[in-house]
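**Student:** Supplied in structure tokens, the structure appears directly below.
The values are calculated or read from the model by the stated rules, or taken from the named source; none is laboratory data. Remember, it's a predicted structure, so these values are computed and weren't measured experimentally. Note that each Cβ is placed from the backbone with ideal geometry, even for glycine, and that neighbours are counted across all protein chains shown. Ligands, DNA and RNA are stripped out before the accessible areas are found, and what is left, the full protein with its side chains, is counted by its heavy atoms. Shrake-Rupley method; radii C 1.70, N 1.55, O 1.52, S 1.80 Å.
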Amino acid sequence: TTVLDETAAKLRAHPLRPGALVKKPKDPVSLAGDRIARFAALNRTIHACPDIPHLIDLAIDTLLNEFTGRRAYVGARRNNYGGFEFEQGRNIEGKTVTAPADFPNYQYRCLDAAQHICIPAQSASESPSLMAVPLSCARGKLGILYVERKAGAPSFNADDLDRLVLCASAFAARLEHIVTGQIETQESVQSGQHTFLREIQTRMDPTTVP
């Protein structure tokens with residue numbers, strides 16, 4: 001069995017609904033001219049987020065308001081492996097919600113297969129339109145943004161997916177900055193603790209007593 005065969009098998013084990021639009025990180029994205037100013041303003045707000053909980057809260061607000069979502073869900077982690085350390089879901093009424101039942105399919109495809117996903121609505125099954133994209137940065141894939149519209153609402157399209165990819169890149173950059181700062185602070189504290197312990201050990205060493 002080749003690596004490609006194994007990858008194909010894993011993708012089949014995490015299926016998407018018919019009609020799904022799937023993009024990869026290297027695919028070009030575009031932003032309409034009338035949306036550039038809104039994206040710039042959002043980017044400034046993202047940059048001002050002081051910590052991960054505030055960042056996730058802003059991400060959910062953005063998914064619900066900028067993308068007219070019915071339900072939004074965000075998962076984040078500080079490393080490019082393992083489960084989410086931070087998770088939050090909310091609907092348009094402001095109520096906390098859990099991840100959808102098929103969320104593991106989008107999680108695998110975003111975090112392991114690096115896919116950007118846009119799925120149209122299906123009137124027959126009353127399945128809503130949805131999008132899911134990874135939070136990708138130099139540290140790896142640190143999370144996922146998921147948004148869905150209510151059944152019967154217009155489907156998300158390729159332009160919406162491009163907008164979400166750009167928003168995700170801004171959120172990912174801020175997440176990486178926050179995580180890097182936390183790691184540097186932790187390392188500095190640990191270094192200080194080690195220095196302090198060495199000083200105590202030196203003073204307690206009988207060989208140093210005059």
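**Student:** Report the equivalent ellipsoid semi-axes for segment 61-125 in whole Å, largest first, defined as the square roots of five times the eigenvalues of the gyration tensor built from alpha carbon atoms.
**Tutor:** 21, 17, 11
**Student:** Before I look further, what does segment 101-192 give for accessible area per residue, probe 1.4 Å, in whole square angstrom?
**Tutor:** Per-residue accessible area for segment 101-192 comes out at 40 Å².
**Student:** Further, regarding this structure: In percent, what relative contact order does segment 78-176 have, based on Cα pairs under 8 Å that are 6 or more apart in sequence?
**Tutor:** After rounding, I find 24 percent.
**Student:** Okay, next question. Provide the descending list of Cα extents for the chain along its principal axes, expressed in whole angstroms.
**Tutor:** 88, 49, 34
**Student:** Grab the other residues whose beta carbon is less than 13 angstrom from that of GLU148, score K and R as +1, D and E as -1, and report the net.
**Tutor:** Surrounding charge for GLU148 is +3.
**Student:** Next question, about the same structure. Which value, in Å², gives the accessible area per residue of segment 1-95 when a 1.4 Å probe is used on the protein heavy atoms?
**Tutor:** Roughly 63 Å² per residue, with all protein chains present.
**Student:** Then there's this: Considering only protein heavy atoms, what is the solvent-accessible area of ASP5 at a probe of 1.4 Å, reported in Å² to the nearest 10?
**Tutor:** ASP5 exposes around 80 Å² with every protein chain in place.
**Student:** Further, regarding this structure: For the chain, what is the calculated [θ] at 222 nm in deg cm²/dmol (nearest 500), taking -39500 (n - 2.57) for each run of four or more DSSP H residues and dividing by its residue count?
**Tutor:** Only helices count here, giving -15000 deg cm²/dmol.
**Student:** What's the longest bit of the chain with no exposed trypsin sites (Lys or Arg not before Pro), using DSSP loop states and at most 12 other Cβ atoms within 10 Å as the test?
**Tutor:** The longest such stretch corresponds to 96-210.
**Student:** Along Cα→Cβ, 7 Å out, is where each label goes; now give me the distance between the ones at SER123 and THR2 in nm to one decimal.
**Tutor:** A separation of 4.3 nm, rounded to one decimal place.
**Student:** At 1.4 Å probe size, put THR185, THR180 in order of accessible surface, largest to smallest.
**Tutor:** Output order, biggest surface exposure first: THR185, THR180.
**Student:** In the chain, carbon and sulfur make up what percent of the accessible area (probe 1.4 Å)?
**Tutor:** Summing carbon and sulfur atoms, their accessible area is 54 percent of the total for the chain.
**Student:** In whole Å, what is the distance between the alpha-carbon centres of segment 1-71 and segment 101-127?
**Tutor:** Rounded to whole Å, the Cα centres lie 12 Å apart.
**Student:** When the dipole is taken about the Cα centre of segment 1-132, and only Lys, Arg (+1) and Asp, Glu (-1) are charged at their Cβ, what size is it in debye, to the nearest 20?
**Tutor:** In debye, rounded to 20, segment 1-132 gives about 220.
**Student:** Using a 1.4 angstrom probe and counting only protein chains, how large is the accessible area of SER129 in Å², to 10?
**Tutor:** Surface open to solvent at SER129 totals about 0 Å².
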